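Read the structure below first, then the notes.
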Amino acid sequence: MSTVSIRNVTKAFGDNVVLKEFNETFGDGEFITLLGPSGCGKTTMLRMIAGFEKPTSGEIYIDDQLVSGGNTFVPPEKRSIGMVFQSYAVWPHMNVYDNVAYPLTIKKTPKGEIQERVGKVLDIVHLTQYAKRFPNQLSGGQQQRVALARALVAAPKLLLLDEPLSNLDAKLRESMRFEIKEIQRKLGITVVYVTHDQTEAMAMSDRIFLINRGVVQQSGTPRQIYNEPENQFVADFLGKVDFFKGEVRDGRIFFPAMGGQSIPYDGPRTGNVDVAIRPENIFFSPDGPLKGRLESQYYLGDVDDCRVRVGDALVRVIASGYEFDELRDGQEISLDIRSVMVFEDDGLLESMLEIKT
Amino acid sequence: MPSVDKRGEIVCKATLIVVFLIGVALLLGGLWGNRQFEAAGFNQENAFSLVHQLTGETDRLYQKKIAPALKASGADLSAVSDVSRTLLVSAWKTEEPLKATLQGLSGDALAERELKLLAMTYAVSGPKIKTAQRKQLAALPQAEQTALLNQLLLSATGNEQPLPGAAEDLCKGLEGEERTAMLMQIFMTTANLDGEPLSSNTVAEIKKAVRTEDKRVTAYTWAVEGRFNWLSQLFCSAGKTFVLIGILLMLDVAILFFWLLADRNWQLDFKWILILLIVDFMLVFQVLPTVTMVIKAFFPDSHFSLSTIERLYTYDLNLSALMNTLIAAFCTMILGTVIAFPLAWLVGRTNLYGKRFFRSLFVLTYMVPPYVGAMAWLRLLNPNVGNINLVLRAVFGLSDAPGPLNIYSLPGLIWVLTTFYYPYAFITVSRAMEKMDPSLEEASRISGASPITTVAKITFPMMTPSLIAGALLVFVAAASCYGIPSIIGAPGRVHTVTTRIIDYVGRGSEGMNDATGLGVFLMVLAIIILYISDFVVAKRQYITVSGKSTRPNIVDLGKWRTPVTVLVSLFACIVILIPFAVILITSFKVDLGKSLLDQGNFTLKQWSTIFSWDEMLDCLKNSFIFAIVTATIGIVVACTMSYLLQRTRIRGRKLPDFLITLGSGTPSVVIALSLILSMRGDFGINIYKTAYIMIIAYLIKYLMMGMRTVVSAMSQIHVSLEECSQISGASWLKTMFRITGPLIFPSIAAGWFLIFIPSFYELSMTTLLYGNGTKTIGFELYEYWTFTSQPMACAIAFAILMVVVILNYVLNKLTKGEFSI
C-alpha cells in the first residue's frame, strides 16, 4: 500500500538515452503495467524503482520519501520492495524454504515467525509440499512461484515484476496471470509489472503505460488505450489493426487506395489523415459503403479471418464464425464499419513502419 | 535393407579378425625375433639387418671379383681352401664355428664359403692396410689390378709371384702365416676396391652393433649361410617394436569388439580409427610409461620389494622434501585462494577503476614462466643484497646482518609459488562469476541484504565449487612445480619432491630407482586431486542459465572505490610490476651487486649476445620448432576430439578425452621421468634425447589446454547452424570449412597459442629429457642462472616475456579481441 512518484526521470547510458522525462505517480494498491517493445526502456524504469540503476536526472519517491535523486540514493536493500526477476533468480544452493525465508532471515526475524510467514506464503503459491526441494528439482513454473513467494514473504508495500511469465509455456502463463492478479487483490499491494505481451497487460492492469523509444506514448485503463489510442503507435501495438491513408471531405473519409470509395465521418479532423481500422470492427453488410471482392479466408472455428480486396487495398475482416455459412473466394461483397480511429497524417505511421521493417 | 547390413556385418567381422590375426602374427614374430636377438648376444638389434645385408654383399663380391680371379689365376682350389681355413682359424682363435658352418661342404662350395668368411673377417678386423697404401692400390690401372688379384692368390698358395711395388711394400718383413694373411688381406682389399660390394658403411655399423669378436664370428657364419631373409631380419632387428605394435593391434581390436558388441551394430566407422589412434598414442606414451614407473618403484630388481620406498621415506632429506612439498602446496593453495576470490569479485562484480586492465594483467601472469618470478624474487629478497632487504634495513636502521627477510626458506618458497599460481584460482573463479546470473545477487539485495551480506550469503556459497576446483588446481601446480623450488629451494636447502627427483635422475641408473619412488608419490597425489576436482566437485557445480542477459550488476564501492583501487594497484605492483622491472634492470647490469646507475655498470652485452650467439640462436630455434610442432599436432588432435565429443554420439569418444585429461593432470616431472624409463628401447621405442621425446612430453602435458578451448567453443555453436548449411546443399567438408571453421576460428587460434606458449619456455620436462642437439631456451636460461651469469639469464627471461606478450597481442588482434590469454 504504497505510492510511487516519478518526477522527470531521464536515464542515459553514455549517449544512449533510454528513458526521457518520465513523469507519473502510481497510486496506492494499483496494478500498473509498463508495456512496450523490447528495448523501449520499461525494464530500466523498473530497475530504477528497485534501485539497481540511478536516474541520470529527476527524482523517484516511494511513499513520498525521496529514494533516488539529487544526492540521495537509497540502496535496493533499504527500499522494502518485493521483486520477481525474469530469470526467477532462485538460488540453486538453497532449498525452497531457505530461498523464501531469506528476506526474513536478513531482517533477523525470530525463527518461529519466519516459519509461520513462510508457511503462509508457500500456501498462497501452492508450494507447501515442496519446501525441502532444491531448485534443480523444480519445474520452471514452480521456480517462478518460489520467486513470487520470496518477493511476497516480507509483506512489501510495493511488488515489482520483470517479465515474470515470459519463460513459461502458454498454458501456464495464462493460469499464473490470474493467480498473480488474485494475490495482488487479496493483499492489496501496489504492483509494477513489466511486459511486452499486450494480452498480459490488458488482462491484469488497472493502468497501462505504453512506452516506446523511452517515451510514454499513452497511459490509461486497458479500455481507454485500446479504444481511444492517442497515436498510431498505440493503436498498432495493442490488438490487430490495418492502416489506410484517407482524406476528409464533405463529412466523409475518402480512401484513394480503395478506388476513391468513402465512409461517413463526423469527427473533428480535416484534410489528410491516417485511418486505423480494427478487423473486428468491420462486418459484412449488403448495403455497406465499401464494395469489394473476397480474396481469401481462414476458418479458425470461433472466427472467420477474411481478406477483402477493396480497390487496390486489402482489408482484413474478422467475422464471426457462425455468421455466414458459406463464403466463396472471389465473391462480390459489401462492407460496413462500426468504428474507426482517425489520426492526423503526421508521418508517425511512416516512421513507425520503418522501425518495424 | 537387411542384405546391405548383412554384408557390412561380414566385412566388419572379417576386418576385425584379419587385423587381430595380423596383431597376433606381429606379436609372435616379434617375440621370436627378440629371442633370436637375446640368444645371439648382439649389442644392437640392427645387427640382424646388417647380417642380411652382408649376405647379399659378400655374394656380389664373390661373383664379381673373387670367383673370376680364382678361375683366371689357375690356383689350386684345395690349396686356396686350406690357406683360407688356416687364416680363419687364426683370426677367429677358435675352430668350432668354422667346423659347424663348413660341415658337409667340398670343392667349389667349400672354397666359396671360406673366402666369403675371410672377406668379412678382414673387412671388419683384418690386418690393417693404411689409407696411403690403399690409395696406391687403387691407383693401379684396371688390368694390373686384375693381374694383381691372380698373383696374390698364387703367392698365397705357395706359388710365389713378383708383386707390384705397393703390395710388396706391405708384405715386407712378413714371413710364414703373417705374410699369407697380408697377401689375402691385400687380395680382399683389392677385390673390394671399387667400393661397390662390402660397403664401408655396413662394416662400420656392424662394428658398433656387434662388439665382441666371437659374436662377430656368429654374424659372419649366419651371413654366409644366408640364415635371414628380409622378413626374418625385420622381425629380429625390431622384435620389441613388433611386439608393441602387435599388442596394440590386438588391444584395438578387443576394444572395438566390445564397443561393437555393446552397440549391437556390426558396422565399421572411420571415426573409430581416429579414436583408436589417439588412444594408442596415449597408451604408448603415457599409460605404458607411468605403469613402467610404478612397476620399477615396487619391483626394483624384477621381484616385489618395498626396499626402494622404504629407503626413500626413511631418509631425512626425502622426508623433509615430502613435508616441504605438502606444506608449500597447501599454504600456496590457501593463500592463493584467499587472494584470488576477492580479486575475482572486485574485477567481476564491482565498479573498481580499470577492471579490464587488472583482469588481463592478472591473467597474463598465468602465461609467464614461473622460474622468471623466482629469479626476480631472489633479486628482491636475497638475505644479503636483496633490494627489499636493503630498503628495510635502511628504513628501520637495522645492522648489516643478513635479513630481515630471507627468500631461501619455506615461507619464501610459498610466497613465490603464491604469486605465480594464484591466477589459476583467479581464472577459475572469474569464469564462474561471469557465468553467474546477476539477478541472483539482485534478488538478494532487494530482499534486504547489503552488498557484503550478499557476497557472504549468495555469491560466495555459489562460487564454492569453482573455488575448490581452483584451489585444487593451485595445489597440484604448486606441488609439481620444479622451476621455482629449483631456483629458490636448492641454495636454501629447502628441497621438494620435484627437485629431489631431478637430483636422483642426475645420478644415473642408481638414482633412477629412487626417483621412481618419489615420482609415484607425486603421481598418486596428483591423481587423487584430479579425481576430486573432476568427479566430485564438478558434479556440485551450480548451472545457472540466465534468461535475457542484463548488464552484470555492478556493486557500487562508494567511498571505498578509490582506496580499494589503490590497494589492488599496489598488489599488482608488488606481484607483477616490480619483479618484471627487476628482471629488466638486472639484464643490463655488469656487476650484480652494484646499482645500475653506478659508473660502468650498464651494458648491452647480454642483449647483443642473445641475438648474435650461435648456441643461443640454436636453442631459440629449437624452442620455436618444438613449440610450433607441438601446438600444430595438438590443435589437430584438439579439433578432432572436439568434433567427436560435440558432434557425434559414437561409442568410446570419451576414452581419449579421459586419457588426455589424465595426461595433463600428471606432474611434468613424472611425465618426463616415466618417458625416460620407458623410451630407451626396452619397449621397442628408443627416442631418448631426441626431439621426438620432447614434443611427445609437451603434447601429453599441454594438449588438454587446447582441447578444452576448442570443445567449449564448439559446444556454443548450435548444431542447427551446421544442419542448415547441409540442407542448403553444402557437403560435410564444405560445412566444416565455411560454417564451423570460421565460427570457432578464434578458439582454434587461442587453443594453438595455449599449447605453444607453455611448450615454448618449458623447463621441468626439458631438464630431464634434453639431449645435446635439443636444448631449449628455457633450459639455456636455467643453466645460465645456476652456473654462469644471472644478468644473462635475466636478459633471456625478459626476451621470453616479450615473446609471450607479443604473441598475446597477436592473438588478441587475430581473434578481434575475443581472446587474449
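Points to keep in mind about this one:
- Alpha carbon centroid spacing (whole Å) that separates the range B:231-260 from the range B:622-691: 20 Å
- Nearest-20 debye value, chain B charge dipole, Cβ charges on Lys, Arg, Asp, Glu: 3040 debye
- Within 10 Å of the Cβ of each residue in B:105-117, the mean number of Cβ atoms contributed by other protein chains is 0.
- Proxy reagent accessibility, fewest Cβ within 10 Å first, across A:Glu77, A:Glu350: A:Glu350, A:Glu77
- The range B:609-814: translational diffusion in µm²/s, Stokes-Einstein, Kirkwood Rh over Cα pairs, 25 °C, 0.890 mPa s: 132 µm²/s
- All lysines inside 23 Å of B:Lys589 as judged from Cα atoms, apart from same-chain residues fewer than 8 positions distant: B:Lys605
- The range B:46-237 - Kirkwood radius from inverse mean 1/r over Cα pairs (Å): 16.8 Å
- Taking the Cα centre of the protein assembly as shown as reference, the dipole from Cβ charges on Lys and Arg (+1) and Asp and Glu (-1) amounts to some 2160 debye.
- Residues of type lysines that B:Lys296 reaches as a straight line, Cα spacing below 20 Å, ignoring anything fewer than 8 places off in the same chain: B:Lys240
- Here's the picture: charge each Lys and Arg Cβ at +1 and each Asp and Glu Cβ at -1 in the range A:4-234, and of A:Gln144, A:Ala203, A:Gln232 the one pushed furthest to the positive end of that dipole is A:Gln144.
- Leading residue at positive end of dipole, the range B:389-505 (Cβ point charges), from B:Ala449, B:Ala469, B:Tyr482: B:Tyr482
- Across all directions, the shadow cast by the convex hull of chain B built on its C-alpha atoms averages 50.7 square nanometres.
- Toward the positive end of the charge dipole of the range A:4-234, with +1 on the Cβ of Lys and Arg and -1 on the Cβ of Asp and Glu, the farthest Cα among A:Ala89, A:Asn16, A:Met48 is that of A:Ala89.
- Multiplying each eigenvalue of the alpha-carbon gyration tensor of the range A:4-234 by 5 and taking the square root yields semi-axes of 30, 21, 15 Å, largest first, rounded to whole angstroms.
- Taking packing as the residue-averaged number of other Cβ atoms within 10 angstrom, the listed peptides A:303-309, B:467-473 run from highest to lowest as B:467-473, A:303-309.
- Fraction of antiparallel bridges per DSSP, the protein assembly as shown only, in percent to nearest 5: 75 percent
- Anchor A:Lys186: aspartates and glutamates whose Cα lies under 20 Å away (excluding residues fewer than 8 positions away in-chain): A:Asp28, A:Glu30, A:Glu116, A:Asp123, A:Glu174, A:Glu200, A:Asp206
- At least 24 Å along the helix axis (C-alpha) and Kyte average at least -1.0, DSSP helices within chain A: A:170-187
- Angle between chain B longest axis and helix B:2-40 axis [Cα atoms, degrees, rounded to 10]: 60 degrees
- Relative to one another, the C-alpha centroids of the range B:270-296 and the range A:10-71 are positioned 63 Å apart.
- Unsatisfied cross-links (Cα-Cα over 24 Å) in the set A:Lys171/B:Lys457; B:Lys271/B:Lys435; B:Lys654/B:Lys701; A:Lys11/A:Lys181; B:Lys93/B:Lys215; B:Lys71/B:Lys135: A:Lys171/B:Lys457; B:Lys271/B:Lys435; A:Lys11/A:Lys181; B:Lys71/B:Lys135
- Placing +1 on the Cβ of every Lys and Arg and -1 on the Cβ of every Asp and Glu, with nothing else charged, gives the range B:46-237 a dipole about its Cα centre of roughly 600 debye.
- Counted by Cβ distance under 15 Å from B:Ala344, the other residues give a net charge of +4, where Lys and Arg count +1 and Asp and Glu count -1.
- Net charge of Cβ neighbours under 12 Å - reference B:Ser305; Lys, Arg +1; Asp, Glu -1: 0
- Packing, taken as the mean count of other beta carbons within 10 Å per residue, orders the peptides B:410-417, B:153-160 from highest to lowest as B:410-417, B:153-160.
- To the nearest ten degrees, helix B:561-572 and the longest principal axis of the Cα atoms of chain B are 20 degrees apart.
- Fewest-first sequence of B:Val494, B:Val805 by Cβ atoms within 10 Å of each Cβ: B:Val805, B:Val494
- Counted by Cβ distance under 12 Å from B:Tyr504, the other residues give a net charge of 0, where Lys and Arg count +1 and Asp and Glu count -1.
- Computed from the alpha carbon positions, the gyration tensor of the protein assembly as shown leads to an equivalent ellipsoid with semi-axes of 85, 42, 28 Å, biggest first.
- Ranked by how many other beta carbons lie within 10 Å on average, peptides B:445-456, B:648-659, A:167-178 from highest: B:445-456, B:648-659, A:167-178
- Peptide B:449-456 has a mean of 3 when you count, residue by residue, the C-beta atoms of other protein chains within 10 Å of its C-beta.
- The mean number of Cβ atoms from other chains found within 10 Å of a Cβ in peptide A:77-90 is 6, as a whole number.
- On the beta carbon distance between A:Asp15 and B:Glu434, with R0 = 35 Å, the FRET formula returns roughly 0.85.
- With neighbour counts taken as other beta-carbon atoms within 10 Å, the residues B:Phe235, B:Phe588 rank, fewest first, as B:Phe588, B:Phe235.
- Nearest-ten-degree value, helix B:691-716 long axis tilted from longest Cα axis of chain B: 40 degrees
- The range A:278-320 and the range A:131-195: distance between their alpha carbon centers, rounded to Å: 40 Å
Values quoted throughout were computed directly from the atomic coordinates according to the rules given, and no laboratory measurement underlies them. All values reported here derive from a predicted model rather than from experimental measurement. FYI the Cβ positions are ideal-geometry reconstructions off the backbone, even for glycines, and counts take in every protein chain you see.
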